[in-house]
């Protein structure tokens, strides 16, 4: 079965601190994709990144970085030097061959960055 | 600018009335989706469409209906049969169907039924 677990429901950090959002997934597919989305207070989900199951290289984009580890079925997201604008709900999602027309979303992690 | 539009942003209806939420995209995407989001929860799939004139039920299709007469449009009707219609509704599209492509989302419609 496809499943995404985001165990951290809410996280609060002080501005400029680093923060890591955890994502653990379950799948029997050999080929699959992992995604992160940001949902600011306005409500619209903003696509951040897609990774395929064959590429375990970490990725960095500005203050954002992602750590994909197949051995632990995790795809964690780190924000370095957090800013107030990073306050949002972050969703991890899984797509693959099973239920091929759908992305399976985790329940999200609400991040609050305190000035 | 390419994107997805949903209107209205807020919608209020009386119980027992059907209501239609609009979703339009100009990204030339084949696949479109409707999700429901309840407070503190993730997204649940209502319906999706891979191509014009074709659509499939998602995990929570009961009480909802859709149509896909044009590639750009995928309206969702919340019928009076939906027991708890108050929620935030998000429309999305992707290049094609399949769990391989990122989905792009509209701004959402917050529906309140009293």
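Below, the figures for the structure above:
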| item | result |
| --- | --- |
| Spacing of the two label points (7 Å from each Cα toward its C-beta) at residue B:44 and residue B:96, in nm | 3.1 |
| All-pairs alpha carbon distance profile, chain B, 10 Å steps from 0, percent | 15, 51, 29, 4 |
| Centre separation in Å (Cα based) which lies between segment B:1-65 and segment B:69-101 | 2 |
| Proxy reagent accessibility, fewest Cβ within 10 Å first, across A:86, A:29 | A:29, A:86 |
| Paired Rg and Dmax values of chain A, which use every Cα atom, in angstrom | 13.8, 43 |
| Estimated inter-spin distance, residue B:56 and residue A:18, nm [label 7 Å along Cα→Cβ] | 4.2 |
| Chain B: relative contact order in percent, alpha carbon pairs under 8 Å with at least 6 residues between | 35 |
| Ranked A:49, A:79, B:51, B:4, criterion: other C-beta atoms within 10 Å, fewest first | B:51, A:49, A:79, B:4 |
| Relative compactness, the protein assembly as shown, computed as alpha-carbon Rg over 2.2 N^0.38 Å | 1.02 |
| Which of A:47, A:104 has the fewest Cβ neighbours within 10 Å, and the rest in rising order | A:47, A:104 |
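Values quoted throughout were computed directly from the atomic coordinates according to the rules given, and no laboratory measurement underlies them. These numbers were taken from a predicted model, which means no experiment stands behind them. Neighbour counts are summed over all protein chains in view; Cβ atoms, including those assigned to glycine, are modelled from backbone coordinates with ideal geometry.
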